[in-house]
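To start, the structure under review is shown below, and the notes come after it.
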Amino acid sequence: MDFNYTPKVQDMQARLLAFMDQHVYPNEARFFREIAENRAKGNAWIPTTIIEELKPKARAAGLWNLFLPHSPRAPEGLSNLEYAPLCEIMGRVPFAPEIFNCSAPDTGNMETIARYGSEANKDRWLEPLLKGEIRSAFLMTEPEVASSDATNIQCRIERDGDDYVLNGLKWWSSGAGDPRCAIYIVMGKTNPDAGRHEQQSMILVPANTPGIEVIRPLSVFGYDDAPHGHMEVRLTNVRVPVGNMLLGEGRGFEIAQGRLGPGRIHHCMRSIGIAERALELMCKRLNTRVAFGKPVARQSVWHERIADARCMIDQARLLTLKAAYMMDTVGNKVAKAEIAMIKVVAPNMACQIIDWAIQAHGGGGVSDDFPLAYAYAHQRTLRLADGPDEVHRASLAKLELAKHLAMPGEIEMPITRGS
């Protein structure tokens, strides 16, 4: 088995690492300072100038739209396996993916429009998204139902002549707080009498359509994630053309499976990146602190945690690369078990390692002087985003149990002890 990345990917890794060292890490403090200054002026929901300054540099470096494979509109797109190590590097800094036009939910939305939108949809929305001129949001989760079971969704999408009319309440609409957010992908119910997984559809809704009310931003452990945001959005008699329907009525679950597979694996790639950074910060902190007469790095409890962290990161990376390989070679549907596994493993792994890093930093670890508290808040959220742990574990258990069902006529042999 060959575990080496291709020369093409190794070259891109080197260029991306250099870009991060030159442009991203030195500007982390500036990014958060800009947001704080905007908030102090009364409006945190303003795009930061540092991101906009770095985007042209990323394009010039050939580090743009790397996430989208097999699209003639984004020839620079890589396979999932090629993209994995690059996405991991971007994941080390929470705002970095946007610099390379590789941030959620835009990546998933672009892939959805590329796969399932009409040519007119692609011209109108995909092209400006690929250029980084606009941003987008994905509206699926609802506050009034348990959205871990997406068949519970109540938002209605009803045909009225040449239009569809939407009514419903959504929340955790990530990206809807950004003033550049120009398009929503909304999942709702078109036919409540159809089969359980044929009732829902997905449709493109321009953000400036009459009847849309952005009610409030939702905070994550106290962070509002401005200017991106996770918004609660009410849709009241929102009217959009029939041509905005993606793929067709009743195809929402089919689209969701196509969309969420890449989205999940991208989250996991980024989780590995932030876990690596947390381990680095932990080791540096332990090497520079003295407690009870000796360096903290010599305390045996930290040896165990560091060793466990290295094992956990490398295990998660190998599992993620396997899932990426299978998505490229046999498709998302066949790779569903591997995708479910990484979605459970990677965020849990990152949460544990970031927690140890916080502990190593003492009081500083829970402050905003270090990136760990914010990273933990984000990773803990990923155990819910794109399906909670419990749903993925249930899917895995069903797949595993199905492997061992007795075939018709097969006799179950009792287990006996030898004499």
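Would a scan of the range 231-239 turn up a residue that is within 30 Å of Ala120 (Cβ to Cβ), touching a residue at least 60 places away in the same chain (Cβ under 8 Å), of a type in the set (S, T, N, Q) and surrounded by 17 or more Cβ atoms within 10 Å (Cβ to Cβ)?
Scanning the range 231-239, I find no residue that is within 30 Å of Ala120 (Cβ to Cβ), touching a residue at least 60 places away in the same chain (Cβ under 8 Å), of a type in the set (S, T, N, Q) and surrounded by 17 or more Cβ atoms within 10 Å (Cβ to Cβ), so the answer is no.
Report yes if some residue within the range 276-296 is buried (at least 16 other Cβ atoms within 10 Å of the Cβ) and β-branched (Val, Ile, Thr); otherwise report no.
yes
I want to confirm something. Restricting to the range 323-339 and keeping residues that are over 17 Å from the mean Cα position of the chain (by Cα) and in a helix (DSSP H, G or I), which single residue is surrounded by the fewest Cβ atoms within 10 Å (Cβ to Cβ)?
If we take residues in the range 323-339 being over 17 Å from the mean Cα position of the chain (by Cα) and in a helix (DSSP H, G or I), then Thr329 is surrounded by the fewest Cβ atoms within 10 Å (Cβ to Cβ).
Quick check on Val186: is it touching a residue at least 24 places away in the same chain (Cβ under 8 Å) and closer than 28 Å to Glu390 by Cα?
Yes; evaluated as a whole, the condition is true for this residue.
Report the residue count in the range 52-98 for those that are closer than 27 Å to Pro347 by Cβ, of a type in the set (A, V, I, L, M), in a loop (DSSP other than H, G, I, E, B) and modelled with pLDDT of 95 or more.
4
What's the total number of residues in the range 193-225 that are of a type outside the set (A, V, I, L, M, F, W, C) and either under 14 Å from Gly175 (Cα atoms) or out of contact with any strand residue (DSSP E or B) (no Cβ under 8 Å at 6 or more places or on another chain) (or both)?
Qualifying residue count, the range 193-225: 13.
Among the residues of the range 120-159, which ones are among the small types (Gly, Ala, Ser) and more than 26 Å from Glu198 (Cα to Cα)?
Gly132
Conditions (1) surrounded by 13 or more Cβ atoms within 10 Å (Cβ to Cβ); (2) under 11 Å from Ile89 (Cβ atoms); (3) small (Gly, Ala, Ser); (4) in contact with a Pro (Cβ under 7 Å, 6 or more places away or on another chain), marked per residue:
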{"position": "Tyr5", "(1), (2), (3), (4)": "yes, no, no, yes"}
{"position": "Gln10", "(1), (2), (3), (4)": "no, no, no, no"}
{"position": "Ala18", "(1), (2), (3), (4)": "no, yes, yes, no"}
{"position": "Phe31", "(1), (2), (3), (4)": "yes, no, no, no"}
{"position": "Ala40", "(1), (2), (3), (4)": "no, no, yes, no"}
{"position": "Ala44", "(1), (2), (3), (4)": "yes, no, yes, yes"}
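Let me confirm something: among Asp308, Asp355, which residue is in contact with a Phe, Trp or Tyr (Cβ under 8 Å, 6 or more places away or on another chain) and either assigned to a helix (DSSP H, G or I) or not basic (Lys, Arg) (or both)?
Step by step, each of Asp308, Asp355 is checked, and only Asp355 is in contact with a Phe, Trp or Tyr (Cβ under 8 Å, 6 or more places away or on another chain) and either assigned to a helix (DSSP H, G or I) or not basic (Lys, Arg) (or both).
Quickly run through the range 24-51 and pick out the residues that are free of Cβ contacts under 8 Å to residues at least 40 places away in the same chain, assigned to a helix (DSSP H, G or I) and not basic (Lys, Arg).
Pro26, Asn27, Ala29, Glu34, Ala36, Glu37, Ala40, Thr49, Ile50
Could you run through the range 367-396 and say how many residues are outside any helix (DSSP H, G or I) and either among the aromatic types (Phe, Trp, Tyr) or in the same structural domain as Arg33 (by TED's automatic domain parsing) (or both)?
1
Taking the criterion of being modelled with pLDDT of 95 or more, over 28 Å from Lys284 (Cα atoms) and surrounded by fewer than 19 Cβ atoms within 10 Å (Cβ to Cβ), would at least one residue in the range 340-348 satisfy it?
Checked the range 340-348: no residue is modelled with pLDDT of 95 or more, over 28 Å from Lys284 (Cα atoms) and surrounded by fewer than 19 Cβ atoms within 10 Å (Cβ to Cβ).
Looking only at residues that are more than 16 Å from the chain's Cα centre (by Cα) and either outside the structural domain of Ala226 (by TED's automatic domain parsing) or crowded, with 22+ Cβ neighbours inside 10 Å (or both) in the range 169-186, which one is farthest from Thr381 (Cα to Cα)?
Result: Ile183.
Can you name the residue in the range 243-299 that is part of a helix (DSSP H, G or I) and among the β-branched types (Val, Ile, Thr) and is also nearest to Asp162 (Cα to Cα) among such residues?
Out of the qualifying residues, it is Ile255.
Inside the range 113-158, can you point out the residues that are among the aromatic types (Phe, Trp, Tyr) and either out of contact with any strand residue (DSSP E or B) (no Cβ under 7 Å at 6 or more places or on another chain) or on the phi > 0 side of the Ramachandran plot (or both)?
Tyr116
Taking Ala394, is it touching a residue at least 40 places away in the same chain (Cβ under 8 Å), farther than 22 Å from Thr112 by Cβ and among the hydrophobic types (A, V, I, L, M, F, W, C)?
no
The values are calculated or read from the model by the stated rules, or taken from the named source; none is laboratory data. As the structure is a prediction and not an experimental result, all values here were calculated from the model. Every residue, glycine among them, receives a Cβ derived from its backbone with ideal geometry; neighbour counts consider all protein chains shown.
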